[in-house]
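The values are calculated or read from the model by the stated rules, or taken from the named source; none is laboratory data. Remember, it's a predicted structure, so these values are computed and weren't measured experimentally. Virtual Cβ from ideal backbone geometry, glycine too; neighbours counted across all protein chains shown.
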Amino acid sequence: MTAGKQVLAVLLMAAAACAQGPNTDIHYKLGPDSLEQEGVPKGKIKGPFTLPSQAYPGTQHTYWVYVPAQYDPAVAASLMIFNDGQAFMAPEGDARAQNVMDNLIYRREIPVMIGVFINPGRRPDQPEPSLHDWGDRNTNRPTEYNSLDDKYARVIVDELLPALYKEYNISRDPEQHGIGGASSGAIAAFTVAWERPEHFHKVLSIVGSFVNLRGGHVYPEIVRKSEKKPIRIFMQDGRNDNRGMRRNGEYDQTRDWFYQNVRLMRALTEKGYEVNYVWGIGRHGQKQGGAILPEMVRWLWRDQAVSTDVKDMVERSFREPAQK
């Protein structure tokens, strides 16, 4: 081993040891854009709905649909899908995506969009994932989310989208479609866009599991050798996120979450993808990702049509102080 590699190994092991220290996630708090605001029209969450799966026979997916107050059936809406839906829509959770969409749509910082919160697949006899148990041991989540194949993309594109199109006027333009998630749900979101870029161009990744759970650590190599795809991605991770230290004290680079997120970011950047990223100090969780979710969504949809009407701004400036 060269001196440079020895130094790198020591630094990586030190970083891994830091992950066992104090909980750095306490530094991240939700801001106003993630909380209910007086005077902001609230969208409705409809569901739960059940979607039988052909891609994974014998399983079904539960999902909920967020319909913003501004939705007009005569006008095609954008679409944002969140994997591990139970975590992203939980009123007491770290993300509270429905509040984010309420606030940003109201201020016309993002287009009017239908939001979908979809849970991992499960057999009818298995429990629904919850905010505190995401279903890695008792649902189809590990297989669906961590496998580098097109099966979960088939769930989203071939099974979920047709059901949504029947009920709502949603744009068919992939530039209007986003998908995101946290941990394994994040790599699953990337895989959907990677496998079906004709349907999804926007990806939101929070502490993405681009590691060797089922081969996800090879994505940087896949990106570099593949033709560039029309994908825009915002990545978030923490420097103390599962740094690959096994119980026997050995360091496994392929299971180092932060290291593998950085590798993928670099591969995408070198290939010319639209990439934004934030590296914090947190561990494996949604605290930082939830805190910056509004900014992640703004950036993903930054070139979409928004209001430039001065009258709108003046009316709000007079109306909002009276609400305090």
**Message:** Can you list residue pairs whose Cβ atoms sit under 7 Å apart, with the first residue in the stretch 38-60 being closer than 15 Å to R123 by Cα and the second being among the small types (G, A, S) and not in a loop (DSSP other than H, G, I, E, B)? Count only pairs 6 or more apart in sequence or on different chains.
**Reply:** L51/A163
**Request:** May I ask you to list pairs of residues, at least six apart or on different chains, whose Cβ atoms are under 7 Å apart, with the first in the stretch 177-195 being farther than 10 Å from M235 by Cα and the second being of a type in the set (S, T, Y) and part of a helix (DSSP H, G or I)?
**Result:** S184/Y145; G185/Y145; I187/Y145; A188/Y145; A188/Y152; T191/Y152; V192/Y152
**Request:** Mind listing whichever residues of the stretch 138-171 are crowded, with 19+ Cβ neighbours inside 10 Å, over 22 Å from A77 (Cα atoms) and without any contact (Cβ under 8 Å) to a residue 40 or more places away in the chain?
**Result:** T139
**Selection status of P142, assigned to a loop (DSSP other than H, G, I, E, B), touching a Lys or Arg at 6+ places or on another chain (Cβ under 9 Å) and modelled with pLDDT of 95 or more** = no
**Prompt:** Counting residues that are within 26 Å of D303 (Cβ to Cβ) and not hydrophobic (A, V, I, L, M, F, W, C), which strands (runs of 3 or more DSSP E) fully inside the stretch 179-268 reach at least 2?
**Reply:** 202-206, 232-238
**Asked** What is the residue count in the stretch 285-324 for residues that are at pLDDT below 50, surrounded by 11 or more Cβ atoms within 10 Å (Cβ to Cβ) and part of a helix (DSSP H, G or I)?
**Response** 3
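How many residues are under 18 Å from the mean Cα position of the chain (by Cα) and either farther than 21 Å from R196 by Cβ or part of a loop (DSSP other than H, G, I, E, B) (or both) if we restrict to the stretch 114-139?
Result for the stretch 114-139: 11.
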**Prompt:** In this structure, does G21 turn out to be part of a loop (DSSP other than H, G, I, E, B) and modelled with pLDDT under 85?
**Reply:** yes
**Message:** Checking the conditions here, which among I110, I81 is over 22 Å from W194 (Cα atoms), among the aliphatic types (A, V, I, L, M), in contact (Cβ under 8 Å) with a residue 12 or more places away in the chain and not in a helix (DSSP H, G or I)?
**Reply:** I110
**Asked** What residue, of G135, G115, is buried (at least 18 other Cβ atoms within 10 Å of the Cβ), more than 30 Å from P41 (Cβ to Cβ) and not aliphatic (A, V, I, L, M)?
**Response** G135
**Search result, residues across the stretch 36-75 that are among the hydrophobic types (A, V, I, L, M, F, W, C) and loosely packed, with under 12 Cβ neighbours inside 10 Å** = A74, V75
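Residue-by-condition table, conditions (1) of a type in the set (A, V, I, L, M); (2) at pLDDT 95 or above; (3) over 27 Å from R263 (Cβ atoms); (4) out of contact with any Phe, Trp or Tyr (no Cβ under 9 Å at 6 or more places or on another chain):
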| residue | (1), (2), (3), (4) |
| --- | --- |
| R123 | no, yes, yes, yes |
| D133 | no, no, yes, yes |
| K151 | no, yes, no, no |
| L161 | yes, yes, yes, yes |
| Y168 | no, yes, yes, no |
| D173 | no, yes, yes, yes |
| S184 | no, yes, no, no |
| I187 | yes, yes, no, no |
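Among the candidates D72, D102, which residue alone is outside any loop (DSSP other than H, G, I, E, B) and over 30 Å from R214 (Cβ atoms)?
After ruling out the rest, the residue left standing is D102.
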**Prompt:** Which one is nearest to A69 (Cα to Cα), of the residues in the stretch 80-112 that are of a type in the set (D, E) and surrounded by 18 or more Cβ atoms within 10 Å (Cβ to Cβ)?
**Reply:** D102
